[in-house]
Amino acid sequence: MGVLQLVMVAVIWSTAGGAASAGVVKKAGPPPNVVVGKAMKGPPKGGVPSNGRFEIIQPGFHKRKYEVACTEEKGRPGCYVGCPSNCPNKCLVFCSYCMSFCMCDIFPGTSCGDPRFTGGDGNTFYFHGKRDENFCILSDADLHINAHFIGNRNPDLKRDFTWVQALGITFPSAGDHQHLHRLYIGARKAVEWDEEEDHIQITFDGEPVDVDAVKNARWEDSSISKKAGLLSVTRLGAVNTVLVELDGVFSISANAVPITEEDDRIHKYGKKTASDSLVHLDLGFKFHALTNDVHGVLGQTYRPNYVNKLNISAKMPIMGGAPKYIVPSGSGGLFSTNCAVSRFHHRTTNTTAAARRIGGVSYAS
């Protein structure tokens, strides 16, 4: 689960007394996959993360049970926080609420696995797409995001499993809408997964973005435009986890992960037929200025008038209509804005001025 979505979950849970995700208020208590830290009996030992931000911890690297020490804040006693049992080796800790979360939980706006999206309306659905193809995830007046799908076939199940391997993000310069910027966020292919090796690859306008492999290391470019503001990349961990932000437009968290033997055993992905570890991205988005006309697999779920026609009570609600979202071959690849539901090329000054702006948070994998 991404950093930005977790802030909302923590605040909602804290202020609502533990409301269930379906809107039914239950006895106060943490939501699933959340650990509420125990009160500290003395001064914190070791490093203390900033209470205003999330901290990624990886107990798997330690020989004993590992917990983060959080200091007192606004009358709240300090606490120690460890990882939930569902993700004992890596999780996110939010000290302000003495909570920890698995990296990819199901909350509004998240998505993981054989792409399972939770849209802006809070409903979860699957969109399988097609391996080795690009699909329009979000298209709006000033922002277009495509996703490249990789996949693997299990001969026993006779279908492809797919995952998001990369994003191609296109947005215009302020004052010159003919000048488009292109941002690439992808996962490097690896025959064998090495958790100490960085598998994240980022380029901006064709140039590599190099960020030191140190937690909280930061790269930024303020030359894009006065309107768009600062573009930055911050490492949330030394390797494989970054936060990419364009001021006033979007924030994206990206976490590179493989398909493990345990994943294969549970879901029957047929990994033994693959030639690599199927490294892909768990992704999180926060949008700051979407219009009412936004579209795309995920984008449409942020429309105020969006009507979900899927059977949300089904075990696997599936969004069909893949041809509407596929990027035509030969039309520009991952950075093409020519999918059937594209809104990017319809941009006009009048349309943009008239559109009521909306915001939202979402996650994909």
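Kindly check whether there is at least one residue in the range 252-259 that is touching a helix residue (DSSP H, G or I) at 6+ places or on another chain (Cβ under 8 Å), surrounded by 13 or more Cβ atoms within 10 Å (Cβ to Cβ) and either modelled with pLDDT under 95 or closer than 20 Å to Gly168 by Cβ (or both). Before the answer, list the steps.
Applying the first criterion (touching a helix residue (DSSP H, G or I) at 6+ places or on another chain (Cβ under 8 Å)) to the range 252-259 yields 253, 259.
From the residues that got through so far, the ones that are surrounded by 13 or more Cβ atoms within 10 Å (Cβ to Cβ) too are 253, 259.
Now drop any that are not either modelled with pLDDT under 95 or closer than 20 Å to Gly168 by Cβ (or both), which leaves 253, 259.
Among the residues of the range 252-259, at least one is touching a helix residue (DSSP H, G or I) at 6+ places or on another chain (Cβ under 8 Å), surrounded by 13 or more Cβ atoms within 10 Å (Cβ to Cβ) and either modelled with pLDDT under 95 or closer than 20 Å to Gly168 by Cβ (or both), which makes the answer yes.
Select from the range 214-231 the residues that are in contact with a strand residue (DSSP E or B) (Cβ under 9 Å, 6 or more places away or on another chain) and either modelled with pLDDT of 90 or more or assigned to a loop (DSSP other than H, G, I, E, B) (or both) and list them in ascending order.
Val214, Lys215, Asn216, Ala217, Arg218, Trp219, Glu220, Lys227, Ala228, Leu231
Can you go through Asp205, Asp194, Asp210 and tell me which one is of a type outside the set (S, T, N, Q) and on the phi > 0 side of the Ramachandran plot?
The unique qualifying residue is Asp205.
Checking Phe127 against (1) within 29 Å of Met316 (Cβ to Cβ); (2) in contact with a strand residue (DSSP E or B) (Cβ under 7 Å, 6 or more places away or on another chain); (3) modelled with pLDDT under 80, which single condition isn't satisfied?
It fails just one condition, (3).
If you take the residues of the range 285-309 that are β-branched (Val, Ile, Thr) and part of a loop (DSSP other than H, G, I, E, B), which of them is farthest from Gly248 (Cα to Cα)? Please lay out each step first, then the result.
Within the range 285-309, the first condition is being β-branched (Val, Ile, Thr), and the residues that meet it are 291, 294, 297, 301, 307.
Subsequent filtering for residues that are part of a loop (DSSP other than H, G, I, E, B) retains 291, 294, 297, 307.
Working: Thr291: 13, Val294: 16, Val297: 22, Val307: 27 Å.
Restricting to residues being β-branched (Val, Ile, Thr) and part of a loop (DSSP other than H, G, I, E, B), the top hit is Val307.
Per-residue answers, yes or no, for (1) without any contact (Cβ under 8 Å) to a residue 12 or more places away in the chain; (2) in a loop (DSSP other than H, G, I, E, B):
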position: Tyr184; (1), (2): no, no
position: Glu192; (1), (2): no, yes
position: Asp212; (1), (2): no, yes
position: Thr234; (1), (2): no, no
position: Gly248; (1), (2): no, yes
position: Ser253; (1), (2): no, no
position: Lys272; (1), (2): yes, no
position: Leu278; (1), (2): no, yes
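With the structure loaded, tell me whether Asp194 is at pLDDT 90 or above and either buried (at least 17 other Cβ atoms within 10 Å of the Cβ) or assigned by TED's automatic domain parsing to the domain that holds Ala166 (or both) or whether it fails that test.
For Asp194, the condition - at pLDDT 90 or above and either buried (at least 17 other Cβ atoms within 10 Å of the Cβ) or assigned by TED's automatic domain parsing to the domain that holds Ala166 (or both) - is met.
Taking the conditions exactly as written (modelled with pLDDT of 85 or more, in the same structural domain as Ile200 (by TED's automatic domain parsing) and not aromatic (Phe, Trp, Tyr)), does Leu283 satisfy them or not?
Numbers: modelled with pLDDT of 85 or more: no; in the same structural domain as Ile200 (by TED's automatic domain parsing): yes; not aromatic (Phe, Trp, Tyr): yes.
So Leu283 does not fit the description; no.
The values are calculated or read from the model by the stated rules, or taken from the named source; none is laboratory data. Remember, predicted model here, so these are calculated numbers, not experimental data. Quick reminder, even Gly has a Cβ in these numbers, built from the backbone with ideal geometry, and neighbours come from all protein chains shown.
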